[in-house]
Structures are given as structure tokens and as C-alpha cells.
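The values are calculated or read from the model by the stated rules, or taken from the named source; none is laboratory data. Everything numeric here is computed off the predicted structure, so don't read it as measured data. A quick note on method: Cβ atoms are made from the backbone with ideal geometry, for glycine too, and the neighbour counts reach across all protein chains shown. What goes into the accessible areas is simple: the full protein's heavy atoms, side chains included, and nothing from ligands, DNA or RNA. Shrake-Rupley method; radii C 1.70, N 1.55, O 1.52, S 1.80 Å.
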Amino acid sequence: MDWQATRPGETSAPLPDRRDAHLVFIGRLRTPFTTRDQCPRQGDAENGPVCRAEIDAPWKAALAGIEGFAWLDLLYWMHQARRDLVTQTPRGGEPLGTFALRSPVRPNPIALSRVRLLGVEDGALLVRGLDCLDGTPLLDIKPHRCLHSARPEPGHAPS
């Protein structure tokens with residue numbers, strides 16, 4: 001499938017020349033998926049393949065204590081995605097606005113996957129639940145629930 005082609009009902013907008021942010025990639029995600037057609041629509045944290053989040057040397061010390069969490073949120077940059085579509089036509093569906101979809105095609109191709117942490121080995125996280133191409137740049141790692149939160153979770157009274 002040609003992922004750069006525009007489908008019926010889709011519209012695009014020119015990308016602005018201005019750049020508003022500076023991002024630092026902290027590593028790369030290693031998955032068995034080499035084409036977008038191979039990527040699952042959303043990752044499977046229970047039965048999906050074991051993948052690696054390889055952390056670049058300057059950031060490895062930032063992993064200290066991460067093994068205490070069962071679930072992590074990984075934010076990554078979908079580096080091969082189009083960035084100009086305003087409306088998109090999902091397969092078998094009607095056109096929708098880009099912000100009403102979880103498609104990788106968006107002005108800022110930032111993705112979020114909640115993954116199950118299986119282990120930590122030599123500056124890499126072993127996880128299940130990714131749905132991205134092999135070599136995807138990693139932006140950030142956050143525990144799903146932080147132990148040091150000053151606010152209770154929604155629906156829970158403070159202790």
C-alpha cells in the first residue's frame with residue numbers, strides 16, 4: 001500500500017516554515033516491524049512481541065528505579081509518517097479530522113504506547129505493546145503511575 005497517497009475525502013495543508021520546539025531523541029525502539037503494513041493498529045501488551053527500547057549513553061542513568069514499574073508510557077516520533085493531512089479516510093470508513101484518529105499521520109507525529117515492562121538489561125528496556133517501525137526514535141519514558149504524585153488518582157480519596 002502507498003502510505004503517502006491521498007485517499008478519497010482526504011485533505012492536506014501546507015506545513016509551516018516555522019519550528020516551535022527542539023526535541024532530543026533519547027534512543028531507538030527495536031521492533032520486528034519493518035513496514036507500516038506489518039505494524040499492528042495498536043500494540044498488544046499481553047501477547048505482542050518482545051521489543052527493546054534502547055537508550056542512548058547520555059540518558060542511561062535516567063533509567064535508575066524504572067524496574068519498579070510494571071507499566072510505562074513511551075512517547076516516540078513516527079519519523080516516516082506524513083505530516084500534512086487535515087482530514088483522513090480510515091480504511092472502510094468515512095473522512096474524519098486527523099485529531100479524531102490515532103493515525104500516525106499528523107502535524108506532529110508523536111505517538112504514545114502504554115507498554116508492559118518485562119525487564120531492564122544494559123541500558124535497554126524489554127517491553128510488550130509497541131506498534132511502531134523498527135528504529136523509531138524514542139522521545140520520552142514515563143511510568144504509567146508515578147509513586148511521587150502529589151495528587152490522588154481520579155476517583156480515589158487522598159490517603
Share of accessible surface on carbon and sulfur in segment 23-76, whole %, 1.4 Å probe and ligands ignored, is 55 percent
Which whole-number value in Å² is the accessible area per residue of segment 14-85, probe 1.4 Å?
67 Å²
Give the relative contact order (percent, whole number) for segment 53-146; include only Cα pairs under 8 Å separated by 6+ residues.
41 percent
Express the relative contact order of the chain as a whole percentage, based on alpha carbon pairs under 8 Å and six or more residues apart in sequence.
36 percent
On alpha-carbon atoms, Rg over Rh for the chain using Kirkwood Rh?
1.01
Mind pulling up the Rg/Rh value for segment 5-66? Radius of gyration and Kirkwood radius, both on Cα.
1.09
Where is the GNM fluctuation largest for the chain (alpha-carbon springs, 10 angstrom cutoff): GLY135, GLY92, GLY43?
GLY92
Neighbourhood net charge (12 Å Cβ-Cβ; Lys/Arg +1, Asp/Glu -1) for LEU72
+2
